[in-house]
Ligand SMILES: [Zn+2]
């Protein structure tokens, strides 16, 4: 695809994007998008504040959050981190006042485009159990679950904190709760990052020491918009524990700014892969998208 200027990419959802990272092939699988109303999503922000980031707003004045999943392929194995919203659409007047339209439906086509069938996914890892992350995971077909071979990884805290109610009972024998630092797929470890939900998890993918980087971190909903890289203290309406979320976000950015670190932020419009670096003053951070 022809590259678009970054400004255009800030106000549209990401298409399918693939990159290699060490021994892995990583693919952002688009499912859809959700519009975020800045003054609702970030309580305390005013309409005047939004004048400061016109490049991030769509025609409706909303931030555009991509929805999808990250396909992680290693040798003949395939992991999917989060599974989008699923084949449905909610008009703006049927979502929450902090949101506009919420649309899913593309993920299976994206998976096909990436050359994989649902049955080839051996592990699904959730950052958390909100609707826009588990959408396709629990859907079935006449012959059983869509992802017929997959086990389901999530943090032990998320599982104990309501996971049993969110995941259909018939699939509970496939659930593999994991703790901080536990390897859930070759070279991929879970990292607890509480705040958005009590058991929210990020995932760290180990690099091979080559030019791609030493590690890639999958943020989950520690971050929803690239604006938060410079403004980690903005409260987020849907963070279950807003103080904990700010602490997690701040620590995450400091850690992610370490050399050799690549970040995948699945909600970041069309700049889902990037790097965090310290800003010129050294007291904040900047998001540098990767192509
Ligand atoms: Zn989300």
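Computed from the coordinates by the stated procedures, all read-outs in this text should not be read as laboratory data. Everything quoted here is computed from the prediction, not taken from an experiment. Here Cβ is always computed from backbone atoms with ideal geometry, including for glycine, and neighbour counts include all displayed protein chains.
Would you calculate, for the chain, the mean residue ellipticity at 222 nm contributed by helices, counting each DSSP H stretch of 4 or more residues as -39,500 (n - 2.57) and dividing by all residues, to the nearest 500?
When only DSSP H runs of four or more count, the value is -3500 deg cm²/dmol.
Rounded to whole Å and sorted largest first, list the principal axis extents of the Cα atoms in the stretch 1-105.
Taking the Cα atoms of the stretch 1-105, the three principal extents are 50, 31, 25 Å.
List 127, 156 from most exposed to least, where exposure is judged by having the fewest other Cβ atoms within 10 Å.
156, 127
List the pair-distance distribution P(r) of the stretch 23-175, using every Cα-Cα distance, as the percent of pairs falling in each 5 Å bin from 0 up to the bin containing the longest distance, rounded to whole percents.
Spelled out bin by bin, the stretch 23-175 gives 2, 9, 17, 19, 16, 15, 10, 7, 4, 1, 0 percent.
If one computes P(r) from the Cα atoms of the stretch 182-291, what percent of pairs lie at distances over 17 Å?
Result for the distance tail: 51 percent.
Can you pull the Rg over Rh of the stretch 70-147, Cα-only, Kirkwood?
Reported Rg/Rh, Kirkwood definition of Rh: 1.02.
Given an 8 Å cut-off on Cα distances and at least 6 residues of separation, report the relative contact order of the chain as a percent.
17
Could you estimate the translational diffusion coefficient of the stretch 246-288 from the Stokes-Einstein equation, with Rh from the Kirkwood formula over C-alpha pairs, at 4 °C and 1.567 mPa s, in whole µm²/s?
Taking Rh from Cα pairs, D becomes 120 µm²/s.
Just the C-alpha atoms of the stretch 188-231: what Rg/Rh do they give, with Rh taken as the Kirkwood radius?
Working: Rg = 12.3 Å, Rh = 11.6 Å.
Result for the stretch 188-231 is an Rg/Rh of 1.05.
Sorted from fewest to most neighbouring beta carbons within 10 Å, what does the list 233, 224 look like?
By the 10 Å Cβ count, ascending, the order reads 233, 224.
Among DSSP beta bridges whose residues both lie in the stretch 12-289, state the antiparallel percentage, nearest 5. Working shown, then result.
On the way: 49 of 63 bridges.
Counting only bridges with both partners in the stretch 12-289, antiparallel ones make up about 80 percent.
Quick check on the stretch 12-289: what are the equivalent-ellipsoid semi-axes from the Cα gyration tensor, as sqrt(5λ), descending, whole Å?
On the way: eigenvalues 147, 99, 66 Å².
Over the Cα atoms of the stretch 12-289, the ellipsoid semi-axes are 27, 22, 18 Å.
Going by average Cβ density within 10 Å per residue, which order do the peptides 211-217, 111-117 take, highest to lowest?
Per-residue mean Cβ counts within 10 Å order the peptides as 211-217, 111-117.
Quickly rank 267-274, 96-103 as a protection proxy: mean count of other C-beta atoms within 10 Å, highest first.
267-274, 96-103
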